[in-house]
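Mind looking over this structure? Questions follow.
None of the figures in this text is laboratory data; all of them are computed from the coordinates on show. Just so we're clear, the structure is a prediction, and the values are computed from it rather than from any experiment. For neighbour counting, all protein chains shown are included, and Cβ atoms are generated from backbone atoms with ideal geometry for every residue, glycine included.
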Number of protein chains: 2
Amino acid sequence: MSSPDDKRRTIRDVAKAAGVSISTASNALNGIGRTNAETREKVKRVADELGFRPNALARGLLTKRSHAIGMLTNDTYGRLTLPMAAGVSEILVDHGVSLFLCATNNDPRLAKLHLDALLDRQVDGIIFTATRIDLEPPPELLKLGIPVIYAFAQGPADSVSFHPDDAQGARIAVQHLHTLGRSRILHITGEQNYLAARIRADAYRELAGPSGQVMFGEWSEEWGHSAIDTVYSQSGPKPDAIFCGSDEIARGVIDALRDRGVSIPDDVAVVGFDNWEVVSKQTRPPLTTIDMELKELGHRAGLAILGLSRREKLEPGIVRLPCSLVARGSA
Amino acid sequence: MSSPDDKRRTIRDVAKAAGVSISTASNALNGIGRTNAETREKVKRVADELGFRPNALARGLLTKRSHAIGMLTNDTYGRLTLPMAAGVSEILVDHGVSLFLCATNNDPRLAKLHLDALLDRQVDGIIFTATRIDLEPPPELLKLGIPVIYAFAQGPADSVSFHPDDAQGARIAVQHLHTLGRSRILHITGEQNYLAARIRADAYRELAGPSGQVMFGEWSEEWGHSAIDTVYSQSGPKPDAIFCGSDEIARGVIDALRDRGVSIPDDVAVVGFDNWEVVSKQTRPPLTTIDMELKELGHRAGLAILGLSRREKLEPGIVRLPCSLVARGSA
DNA sequence: TGTTTTTGATAAAACCTTTTATCTCCTATA
DNA sequence: TATAGGAGATAAAAGGTTTTATCAAAAACA
């Protein structure tokens, strides 16, 4: 069962095999201090032959940097978190830093448990993510002694947060519709108590002018459907374009319009928000929508926490990252 | 900026404050060795007051157990991985074990990088997950020296894997339709080169009898739609129930049926597979479907890797976990 | 009273690195 | 030739914990 080379090689093994002291081996491998080029090469070669890899625990214990960071999320479903986590991890892995993922399920007890575990492991920093930008983060995060970055979540005043630029996203959606020559644009979106919904609606109103009309509701397909029913049961001019607050709402809108024999995009153009591909690629026609670039958000959050963990200073405040428009068939 | 209690307390601080030696403090805190009940209490109280938490790096270095495990996944989208990861983490956190999440993006270079990082960190074990059960895992996993569990992925012969029980899932779907009195059941599913699709189809055929018919295609809504077009363009008796290989396919099927004025579930009952709520809750009517219990799968994988990391023996082989039927309106 | 156990506590080693302070040659300078 | 300086290597300390071996004192025994 256990092979002879079962045990891991230590730097002591390397030193002995190369016929040098432990300190020389360390210096050679790290290219630090004064070492003869020849011995340096030899040590490196021997280390390679032995398959030596330094023990991150021992190194972290000494250097006070564990090269690990924790990601605390309250989202189990994964629509937002995993793309961001993948982005974070993608950046970190190139810097030799690993990522602890902690799903708190919105349970404060679990959050505390995870947070303590992260601190015990001496993580170099923490990224907190939520599923909306206007929820208070766990108060324990405030007085931590290690850097914290907020991604897709609200941080305290002197912290660094990364959000999608909801206003800009709404603007490029409306501008795209303007480019298509549409002028009677309707905005059907989710719950008004979501900050993101309000920001997008405000940006929409600025561009849409006096004819602009916002319908708040729920974040569901159902609501998109019933909103269309309402619109078409009223008299008066009908919209020639609809900007939806989510892809799910857009899907309901598209289905309801098709039921009524309205042609998309000829009669009514539709733009969604999220670029959640399971939805946006499957509507008929496929949905033109706004992508929040979650992976890029993860990249930026990862770079930020790396910087902070190296004691670099970062301008506090909310960084809003641009969204992009993904053109498919619906507009 | 830096408060006086900025630095973390060590066991040395506890020992000094309690007026005992380091070894006594350690023994008392861990309830090990011979310690007077009185001193034990005192040490614990002092540790509590000081907010002492042991350094996991130092502990891991000595005990050879890092109390961390790694999860290697090739899925960035998150539909399967995050629910499983949440299940794994839920189990682990209660045992004081943390989870490194490594998304490899199906990139062998990245997989190697992550794997090396995990080994450097002395993880106690690795869980490998894929998005289908019949892909070869990275060969590096085989000769690792630490335990590996395969979840939703194929492992080598002598390994422990956890899969959803696709056959049982298909059976309860068909049985449910039988219970509703349906006898002409059709199976519309995804690509035949997926093992899961073949297993489900075989189980379906056993129960459906000679009238059973399987249509393989793609894992898309589009395919569900066109499959229905095919069925209804042919002459002959029409099915009174359809068992679909995924929720997305089921959605296409439902939409196509509705377009044709077929009533669901009265004329045709529809059952899906996945219980991917963004789809299954949004169809009209909402979709009756099979849930693969991914979180439970994560639980089991977590328990298994915990066991292995404690050198407990586990029966090698594939453990198939039962699926459940979620009844909504479509059947 | 003298000897053996038992109890409770401790010093020190160990885990694997990195880093600081030393030490030994060798070469260049005066 | 004697000395300073530099190159290259090393011993030892440090980091925070667990564990083994040791030790002193108190309790039990003869």
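R0 = 22 Å: FRET efficiency of B:HIS178 with B:ASP266, Cβ-based, nearest 0.05? Could you put the intermediate results ahead of the total?
On the way: r = 17 Å, r/R0 = 0.77.
Using R0 = 22 Å, I get an efficiency of 0.80.
Next up: Relative contact order for chain B using alpha-carbon pairs under 8 Å, separation at least 6, rounded to a whole percent?
17
Turning to a different aspect of this structure: In whole Å, what is the distance between the alpha-carbon centres of region B:17-86 and region B:247-283?
Centre-to-centre (Cα) distance: 50 Å.
By how many degrees, 0 to 90 and rounded to 10, does the Cα axis of helix A:247-259 deviate from the longest principal axis of chain A?
Value to nearest ten degrees: 30.
Now a separate question. With a point put 7 Å past each Cα toward its Cβ, work out how far B:ASP229 is from A:GLU315 in nm, to one decimal.
Distance between the two pseudo-spin positions: 5.3 nm.
Please say if region A:166-291 is rounded, prolate or oblate, where rounded means a/c under 1.5 for a ≥ b ≥ c the square roots of the C-alpha gyration tensor eigenvalues, and otherwise the choice is prolate for a/b larger than b/c and oblate otherwise?
rounded
Which distances, in nm and shortest first, link the A:THR39 label point to the same label point in every other copy, taking 7 Å along Cα→Cβ?
Label-point separations across copies, in nm and ascending: 4.6.
Then there is this: Quick one: angle between helix A:166-179 and the longest Cα principal axis of chain A, in degrees between 0 and 90, rounded to 10, please.
50
Starting from the amide H of B:VAL270, placed 1.01 Å from N in the peptide plane, find each other amide H under 5 Å away whose residue is 5 or more places distant or on another chain.
B:ILE242, B:ALA331
Relative contact order (percent) for region B:209-331, with alpha-carbon contacts under 8 angstrom and 6 or more residues of separation?
23
Another one. So who's got an amide H within less than 5 Å of the one on A:CYS323, skipping anything under 5 residues away but keeping other chains? H placed 1.01 Å off N, in plane.
Under 5 Å from the amide H of A:CYS323 lie the amide H atoms of A:ASP165, A:GLY169, each far enough along the sequence or on another chain.
What relative contact order, as a whole-number percentage, does region B:236-294 give when Cα pairs under 8 Å and 6 or more residues apart are counted?
Reported as a whole number, the value is 36 percent.
Out of the DSSP beta bridges found with both residues in chain B, what percent are antiparallel (nearest 5)?
The antiparallel fraction comes to roughly 10 percent.
Among rounded, prolate and oblate, which fits chain B when a ≥ b ≥ c are the square roots of the eigenvalues of its C-alpha gyration tensor, a/c under 1.5 means rounded, and a/b larger than b/c means prolate?
The shape class here is prolate.
Continuing with this model, one more query. Give me the Å³ per residue figure for the convex hull around the C-alpha atoms of region B:4-54.
Considering the Cα atoms of region B:4-54, their hull volume per residue is 63 Å³.
Further, regarding this structure: When each copy gets a label point 7 Å from Cα toward the beta-carbon at A:HIS95, what are the spacings between them in nm, shortest first?
When each copy's label point is compared with this one, the spacings are 3.2 nm.
Still on this structure, I have one more. Put the label 7 Å from Cα along Cα→Cβ for A:GLU222; what are its distances to the other copies, in nanometres, shortest first?
Spelled out, the distances from A:GLU222's label point are 3.1 nm.
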